[in-house]
Amino acid sequence: MAEIIRIQSISQLHAMMGFEKPTHPLISVIDVSKWEIGKEWVGVKAVSDLYSIALKDASCGLEYGRNTYDFGEGVLMFTAPNQTLLKTKEQALGEVQGWMIFFHPDMIRNTPLGQLIDNYHFFSYDIHEALHLSEIEQHTLGECVNLISKEIKARIDNHSQRVIVSTLELLLNYSQRYYERQFSTRSAQNKDVVSQFERLLKEYYSAGKFAELGVPQIEYFSDNIHLSPNYLSDLLKKETGVSAKDHISTFIVEKAKVLLLSDADSISGVAYKLGFNYPHYFSRLFKSKTGLTPQEYREMN
């Protein structure tokens, strides 16, 4: 099995890239055009303890998970700690233009952004779900990157962390806005995904898998639709106003209504058919959606 390299710090990252020592221990802005990747790094897997944000404008030969991607346009990609990346091709100086920001979790620890970072779901999107930016959007994010870069190069003082982190948060908020724009402009594709999700949910029920395997998780649908769980959930929420979890819960309650009125099974039996090992969880869900317990619903109808 090939060795997997663990990147634990900004200093280690700079050393691997052949760059000078970083001017800040917890964050770095990299000019991609100055990054040369020799054949010795092709095929080497790396797991990073760092967050990264990368804008590249040319084919970059990147493998993420089980898939390989080549981009011909400018795209913005995000990775969180503990994700595995692998380079699939060499890269000459000046071959790819763009920038990359790497920052250690300690950079945002004990800051408001540290509490909110998990809300930026795109850090766990798949690479093929990258954000495609317009020139104006690239320029706006570039201004944020330039501010961070200048602050990193300046003398560190009592205000440095707050200024850097607040600018980083601004960049992420712009990215959140641009992702919502991307969801909106791909409405036809998104509706197809919603249809696939609903079809898979119906087929899962028809095949008796609720009783056999339990209530399906978002990963079941994302694996079949070939999207990451967070991307699929965000897409459904943007397109329908309802999260994947709520889609599934509403489906269960609608099926439960039919079973409660047409099935001789006990409330527990209905619960088991719908994937609940503990009937009181089913009753709690049913009441939260209808205002009635399953028994009250059965008696009233």
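The values are calculated or read from the model by the stated rules, or taken from the named source; none is laboratory data. Bear in mind that the values here come from a model prediction, so they are computed numbers and not experimental data. Heads up, the Cβs are rebuilt from the backbone with ideal geometry, glycines too, and the neighbour counts pull from every protein chain shown.
A few notes on this one:
- Positions within region 116-134 being over 17 Å from the mean Cα position of the chain (by Cα) and either under 23 Å from Q161 (Cα atoms) or not polar (S, T, N, Q) (or both), in sequence order: L133
- D246 vs. criteria outside any helix (DSSP H, G or I) and surrounded by fewer than 17 Cβ atoms within 10 Å (Cβ to Cβ): no
- Residue identified as part of a helix (DSSP H, G or I), farther than 18 Å from L50 by Cβ and among the aromatic types (F, W, Y) among F122, F183: F183
- Selection status of V215, of a type in the set (A, V, I, L, M, F, W, C), in contact with a helix residue (DSSP H, G or I) (Cβ under 8 Å, 6 or more places away or on another chain), at pLDDT 90 or above and not in a helix (DSSP H, G or I): yes
- When N230 is tested against (1) under 30 Å from S184 (Cβ atoms); (2) at pLDDT below 90, exactly one condition is not met: (2).
- All of S222, S195, S166 fail the test of being within 30 Å of V145 (Cα to Cα) and in a helix (DSSP H, G or I), apart from S166.
- Members of region 5-59 that are closer than 19 Å to V165 by Cβ and in a loop (DSSP other than H, G, I, E, B): S9, P22, T23, H24, P25, L26, D49, L50
- Counting only residues that are free of Cβ contacts under 8 Å to residues at least 60 places away in the same chain and either aromatic (F, W, Y) or out of contact with any Ser or Thr (no Cβ under 6 Å at 6 or more places or on another chain) (or both), region 143-159 holds 9 of them.
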